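The values are calculated or read from the model by the stated rules, or taken from the named source; none is laboratory data. Quantities reported herein were computed from a predicted structural model and do not represent experimental measurements. All Cβ positions, glycine included, derive from the backbone under ideal geometry; neighbour counts span all protein chains shown. The accessibility values were calculated without ligands, DNA or RNA, using every heavy atom of the protein model including side chains. Shrake-Rupley method; radii C 1.70, N 1.55, O 1.52, S 1.80 Å.
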Amino acid sequence: QVQLVESGGGLVQAGGSLRLSCVASGSTSGIMLIGWYRQAPGKQREFVATINIGGTTNYAGSVKGRFTISRDNAKNTIYLQMSNLKVEDTAVYYCRANRPPGVYWGQGAQVTVSS
(Lines give C-alpha, C1' and ligand atoms only; values in the text may rest on other atoms or scores of the structure.)
Protein backbone atom coordinates (compact mmCIF):
# COMPACT_ATOMS: atom_id res chain seq x y z
CA GLN A 1 0.00 0.00 0.00
CA VAL A 2 1.05 3.55 -0.77
CA GLN A 3 -0.39 6.67 0.82
CA LEU A 4 -0.16 10.01 -0.97
CA VAL A 5 -0.80 13.43 0.55
CA GLU A 6 -0.85 16.57 -1.55
CA SER A 7 -0.35 20.12 -0.33
CA GLY A 8 0.37 23.57 -1.71
CA GLY A 9 -2.82 24.35 -3.54
CA GLY A 10 -4.55 27.71 -3.31
CA LEU A 11 -5.78 30.78 -5.11
CA VAL A 12 -3.49 32.66 -7.46
CA GLN A 13 -3.91 35.29 -10.14
CA ALA A 14 -3.33 34.46 -13.77
CA GLY A 15 0.35 34.67 -14.58
CA GLY A 16 1.32 33.67 -11.06
CA SER A 17 3.03 30.59 -9.69
CA LEU A 18 2.32 27.80 -7.24
CA ARG A 19 4.17 24.70 -6.13
CA LEU A 20 2.37 21.51 -5.23
CA SER A 21 3.92 18.80 -3.11
CA CYS A 22 3.02 15.13 -2.77
CA VAL A 23 4.46 13.08 0.06
CA ALA A 24 4.42 9.32 -0.38
CA SER A 25 4.46 6.87 2.52
CA GLY A 26 4.03 3.15 3.00
CA SER A 27 5.54 0.76 0.47
CA THR A 28 7.24 3.42 -1.61
CA SER A 29 10.24 1.42 -2.78
CA GLY A 30 8.31 -0.25 -5.56
CA ILE A 31 6.88 2.90 -7.12
CA MET A 32 7.68 2.81 -10.84
CA LEU A 33 5.93 5.97 -11.93
CA ILE A 34 4.50 8.92 -10.04
CA GLY A 35 2.93 12.13 -11.15
CA TRP A 36 0.10 14.58 -11.33
CA TYR A 37 -3.36 14.54 -12.82
CA ARG A 38 -6.07 17.16 -12.60
CA GLN A 39 -9.82 17.41 -12.84
CA ALA A 40 -11.65 20.61 -13.64
CA PRO A 41 -15.35 21.05 -12.83
CA GLY A 42 -17.51 19.12 -15.27
CA LYS A 43 -14.51 17.54 -16.99
CA GLN A 44 -12.74 14.22 -16.87
CA ARG A 45 -9.54 13.75 -14.95
CA GLU A 46 -6.56 14.37 -17.21
CA PHE A 47 -2.85 13.71 -17.23
CA VAL A 48 -0.55 16.60 -16.30
CA ALA A 49 2.97 15.27 -15.71
CA THR A 50 4.83 12.17 -14.57
CA ILE A 51 8.32 11.14 -13.57
CA ASN A 52 9.46 7.55 -13.71
CA ILE A 53 11.88 5.54 -11.63
CA GLY A 54 14.70 6.51 -13.96
CA GLY A 55 13.93 10.22 -13.70
CA THR A 56 12.38 10.60 -17.13
CA THR A 57 9.64 13.21 -17.18
CA ASN A 58 6.59 13.53 -19.36
CA TYR A 59 4.20 16.45 -19.71
CA ALA A 60 0.84 17.19 -21.20
CA GLY A 61 1.10 19.56 -24.12
CA SER A 62 -1.03 22.14 -22.36
CA VAL A 63 1.47 22.55 -19.51
CA LYS A 64 4.79 21.90 -21.22
CA GLY A 65 7.14 24.81 -20.70
CA ARG A 66 5.10 26.15 -17.79
CA PHE A 67 5.05 23.26 -15.29
CA THR A 68 8.01 21.30 -13.94
CA ILE A 69 7.81 18.01 -12.10
CA SER A 70 10.64 17.03 -9.79
CA ARG A 71 11.32 14.67 -6.91
CA ASP A 72 13.29 14.43 -3.69
CA ASN A 73 13.89 10.76 -3.06
CA ALA A 74 15.23 11.38 0.44
CA LYS A 75 11.90 12.97 1.39
CA ASN A 76 9.69 10.62 -0.67
CA THR A 77 8.22 13.76 -2.17
CA ILE A 78 7.43 14.97 -5.64
CA TYR A 79 6.73 18.52 -6.64
CA LEU A 80 4.89 20.30 -9.38
CA GLN A 81 6.17 23.80 -9.95
CA MET A 82 3.52 25.69 -11.88
CA SER A 83 4.36 29.00 -13.53
CA ASN A 84 2.52 31.39 -15.81
CA LEU A 85 -0.74 29.92 -14.55
CA LYS A 86 -3.86 30.34 -16.64
CA VAL A 87 -7.52 30.40 -15.68
CA GLU A 88 -7.91 27.08 -17.47
CA ASP A 89 -5.43 25.50 -15.07
CA THR A 90 -8.09 25.72 -12.36
CA ALA A 91 -8.74 22.19 -11.13
CA VAL A 92 -8.25 19.71 -8.33
CA TYR A 93 -4.76 18.31 -8.72
CA TYR A 94 -4.20 14.69 -7.76
CA CYS A 95 -1.00 12.82 -7.10
CA ARG A 96 -0.93 9.31 -8.53
CA ALA A 97 1.59 6.51 -8.01
CA ASN A 98 2.00 3.30 -9.99
CA ARG A 99 3.33 0.54 -7.80
CA PRO A 100 2.55 -2.71 -9.59
CA PRO A 101 0.09 -4.23 -9.37
CA GLY A 102 -1.66 -1.23 -7.83
CA VAL A 103 -2.37 2.41 -8.66
CA TYR A 104 -2.74 4.85 -5.78
CA TRP A 105 -4.25 8.32 -5.59
CA GLY A 106 -4.03 11.19 -3.17
CA GLN A 107 -7.01 13.14 -1.95
CA GLY A 108 -6.36 16.12 -4.21
CA ALA A 109 -5.41 19.76 -3.84
CA GLN A 110 -7.50 22.62 -5.20
CA VAL A 111 -5.79 25.12 -7.48
CA THR A 112 -7.82 28.14 -8.47
CA VAL A 113 -6.50 30.69 -10.95
CA SER A 114 -8.36 33.99 -11.14
CA SER A 115 -8.36 36.37 -14.08
Theoretical FRET efficiency, 1/(1+(r/R0)^6), r = Cβ-Cβ of SER70 and ALA14, R0 22 Å, to 0.05: 0.40
Residue-normalised accessible area of the chain, given per residue in Å² at a 1.4 Å probe: 52 Å²
Part-to-part distance (alpha-carbon centres) for the stretch 9-36 and the stretch 49-114, which is given in Å: 5 Å
Karplus-derived HN-Hα couplings along the stretch 64-78 (A = 6.51, B = -1.76, C = 1.60, θ = phi - 60°), whole Hz, x at Gly and Pro: 4, x, 10, 10, 9, 9, 8, 9, 10, 4, 5, 9, 6, 10, 10
For the chain: relative contact order, % (alpha-carbon pairs under 8 angstrom, 6 or more apart): 37 percent
Highest-fluctuation residue, THR56, THR90, THR68 considered, GNM on the chain with Cα pairs under 10 Å: THR56
Solvent-accessible surface ranking, highest first, for LEU33, LEU11, LEU20 at 1.4 angstrom: LEU11, LEU33, LEU20
Whether the stretch 24-115 is rounded, prolate or oblate, judged on the alpha carbon gyration tensor where a/c under 1.5 counts as rounded: prolate
The chain - percent of accessible surface contributed by carbon and sulfur, probe 1.4 Å: 49 percent
GNM top mover of ASN73, ASN52, ASN98 - the chain, alpha-carbon springs below 10 Å: ASN73
Whole-number percent relative contact order across the stretch 1-62, with pairs defined as alpha carbons under 8 Å at least 6 apart: 23 percent
Fraction of antiparallel bridges per DSSP, the chain only, in percent to nearest 5: 90 percent
